[in-house]
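Some notes on the structure that comes next.
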Amino acid sequence: MRFAIIRFPGTWSDRDTYHVLHNVLEQQADILWHREADLSRYDAVVLPGGFSYGDYLRCGAIARFSPVMEAVVDFAEAGKPVIGICNGFQVLCESHLLPGALIRNQSLQFRCEWIYLRREGGSTPWADGIPEGSVVHVPISHGEGNYFADAETLNELELRGRVVFRYCDAAGEVTPAANPNGSARNIAGIINARGNVLGMMPHPERAGEQLVGGADGNRIWESILRQATAVLAG
């Protein structure tokens, strides 16, 4: 696969993403400046973490108007796979590709730590390779990761199986103590109605090698690679 990794002013997780995709998983990947307008050469798009435009106004609010985002929206609406990680998730919400918003952590503290995620229902090429109920160990690094939406939106996400990851403990139990930021219903990752767009606050690209503490993040990248292989196989 060929991945487009979008770099906004203030992005810092683009090189981590590139390292895992290109050096660890041996995929084609390019880091593209936010003024890029053509994504036709790519099979998947990654909006990585960071502090786009210094997080002025709201996280992701300015990046949403970058030239590349028109191409990202067209890419997503064509049914092609898009993932937004941390700040990328915030950008997807600001772009209305995903519902809800990421607000200040309930603790009012920046949280940088390893957490557990439980794979929930909902079909998406980004996680179909991870069995429902599985626990994934990856890090977070954010100050505004508290997922918020009104009750109607939350109920719709639940009803349609669009919650893909929830914060949990090591045993897979979803508890208030396992929630690092106060997110509604322990939500850590959601998809759009079509399933091709995933937004998640935790960082799979920071869990790509045992050397850095674990490689569970690769289960997400391997899922999309497995899906692409299946499509090519016919």
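Residues in the range 159-178 that are exposed (fewer than 15 other Cβ atoms within 10 Å of the Cβ) and part of a helix (DSSP H, G or I): Leu159, Pro176, Ala177.
For the range 92-105, the candidate set comprises residues that are in contact (Cβ under 8 Å) with a residue 60 or more places away in the chain and not in a loop (DSSP other than H, G, I, E, B); within that set, the residue that is farthest from Gln227 (Cα to Cα) is Leu102. The residues on offer are Ala188, Ala207, Ala171, Ala177, and the sole one that is free of Cβ contacts under 8 Å to residues at least 24 places away in the same chain and of a type outside the set (Phe, Trp, Tyr) is Ala177.
Among the residues that make up the range 110-130, is at least one of them of a type outside the set (Phe, Trp, Tyr), under 20 Å from Ile5 (Cα atoms), out of contact with any Ser or Thr (no Cβ under 7 Å at 6 or more places or on another chain) and modelled with pLDDT of 95 or more? Yes - at least one qualifying residue is present in the range 110-130. No other residue among Leu117, Leu108, Leu154 is at negative phi and either within 17 Å of the chain's Cα centre (by Cα) or without any contact (Cβ under 8 Å) to a residue 12 or more places away in the chain (or both) apart from Leu117.
Only one of the listed residues (His203, His142) is within 25 Å of Asp43 (Cα to Cα), at pLDDT 95 or above and either of a type outside the set (Asp, Glu) or touching a helix residue (DSSP H, G or I) at 6+ places or on another chain (Cβ under 6 Å) (or both). That residue is His203.
Of everything in the range 35-49 that's surrounded by fewer than 20 Cβ atoms within 10 Å (Cβ to Cβ) and in contact with a strand residue (DSSP E or B) (Cβ under 7 Å, 6 or more places away or on another chain), which residue is nearest to Cys93 (Cα to Cα)? Result: Asp43.
Of the listed requirements (1) part of a helix (DSSP H, G or I); (2) within 28 Å of Ile6 (Cα to Cα), Leu154 misses just one: (2). Criterion first (surrounded by 14 or more Cβ atoms within 10 Å (Cβ to Cβ), under 14 Å from the mean Cα position of the chain (by Cα) and either in a helix (DSSP H, G or I) or touching a residue at least 40 places away in the same chain (Cβ under 8 Å) (or both)) does Trp126 satisfy it? Judged against the criteria, Trp126 is a match. Taking the range 179-229 as the range and being in a loop (DSSP other than H, G, I, E, B) and acidic (Asp, Glu) as the test, only Asp216 passes. Whether a residue is at pLDDT below 95, surrounded by 19 or more Cβ atoms within 10 Å (Cβ to Cβ) and at negative phi was assessed, and Ser95 does not pass this test.
The set of residues from the range 46-90 being assigned to a helix (DSSP H, G or I), of a type in the set (A, V, I, L, M, F, W, C) and free of Cβ contacts under 8 Å to residues at least 24 places away in the same chain comprises just one member, Phe65.
The values are calculated or read from the model by the stated rules, or taken from the named source; none is laboratory data. What you see is a predicted model, and the numbers here were worked out from it, not measured in a lab. Here Cβ is always computed from backbone atoms with ideal geometry, including for glycine, and neighbour counts include all displayed protein chains.
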